[in-house]
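Trainee: Okay, here's the structure, questions in a sec.
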Amino acid sequence: DGQVCRDVDECMDGSHECNSLATCKNTLGSYSCSCIDGFHGDGRFCFDTDECIDGSHLCDPRASCVNKHGSYSCSCRRGYVGNGRHCKGNYWIDN
């Protein structure tokens, strides 16, 4: 009948049901959703990942980990100096 079928890009036209904390990927005849880094879920529902509790953080063992929305931060504990990912003894305080 001469008609041509074309894929609808739900990601571009906004008809997808992905969460605002997810990326939408167009597929032929459909789409998929994936939560962005720092969040977990099925892409339609995304929840903050608490890296401090699940152990996926990169804080030094001598640092404190603080969960943040979609991320985390590290800070060296008292008596140590550094950026939180690497801490060393502060000999001015320790001695």
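The values are calculated or read from the model by the stated rules, or taken from the named source; none is laboratory data. Since this is a predicted model, take the numbers as computed values, not measurements. Using ideal geometry, Cβ is built from the backbone for each residue, glycine included, and neighbour counts are taken over all protein chains shown. Heads up: the accessible areas ignore ligands, DNA and RNA and are worked out on the full protein's heavy atoms, side chains in. Shrake-Rupley method; radii C 1.70, N 1.55, O 1.52, S 1.80 Å.
Trainee: So what is the accessible area of the chain per residue, in Å², with the probe set to 1.4 Å?
Mentor: Computed with neighbouring chains in place, this is 74 Å² per residue.
Trainee: Amide H of H86 versus every other amide H placed in the peptide plane: which residues, excluding those fewer than 5 positions away on the same chain, fall under 5 Å?
Mentor: It is D60, by chain and number.
Trainee: If we count every other residue with Cβ under 15 angstrom of H57's Cβ, Lys/Arg +1 and Asp/Glu -1, where does the sum land?
Mentor: Neighbour charge sum, excluding H57 itself: -2.
Trainee: Rg and Dmax of region 1-47 over Cα atoms: what are they, in angstrom?
Mentor: Cα radius of gyration and Dmax of region 1-47 are 13.2, 49 Å respectively.
Trainee: On to the next question. Give me the extension gain from Q3 to R85: residue separation times 0.36 nm, minus the current Cα-Cα distance, reported in nm with one decimal.
Mentor: Computed gain between Q3 and R85 is 23.6 nm.
Trainee: Which of the listed residues, S32, G14, G70, is farthest toward the dipole's positive end in the chain, when Lys, Arg count +1 and Asp, Glu count -1 at the beta-carbon?
Mentor: Value: G70.
Trainee: Something else now. Counting only protein heavy atoms and using a 1.4 Å probe, what share of the accessible area of the chain belongs to carbon plus sulfur, as a whole percent?
Mentor: 52 percent
Trainee: Something else now. Please work through the chain and write down the cysteines that have no neighbouring cysteine Cβ at a distance under 4.7 Å.
Mentor: Taking the Cβ cut-off of 4.7 Å, the unpaired cysteines of the chain are C5.
Trainee: A further question on this structure: Please turn the phi angles of region 42-51 into ³J(HN,Hα) values with the Karplus equation 6.51 cos²θ - 1.76 cosθ + 1.60 (θ = phi - 60°), one per residue in order, whole Hz, x for glycine and proline.
Mentor: 8, x, 8, 10, 10, 10, 4, 8, 8, 4
Trainee: If you don't mind, there's one more thing I want to ask. Averaging sequence separations of C-alpha pairs under 8 Å and six or more residues apart, then dividing by the length of the chain, give the relative contact order as a whole percent.
Mentor: Result for the chain is 15 percent.
Trainee: Taking Rh as the Kirkwood radius computed over C-alpha pairs, what is the Stokes-Einstein D of the chain at 25 °C in a medium of viscosity 0.890 mPa s, expressed in µm² per second?
Mentor: 150 µm²/s
Trainee: Between rounded, prolate and oblate, where does region 39-81 land on the alpha carbon gyration tensor, with a ≥ b ≥ c its root eigenvalues, rounded for a/c under 1.5, else prolate if a/b exceeds b/c?
Mentor: It is prolate, given that a/c is not under 1.5 and a/b is the larger ratio.
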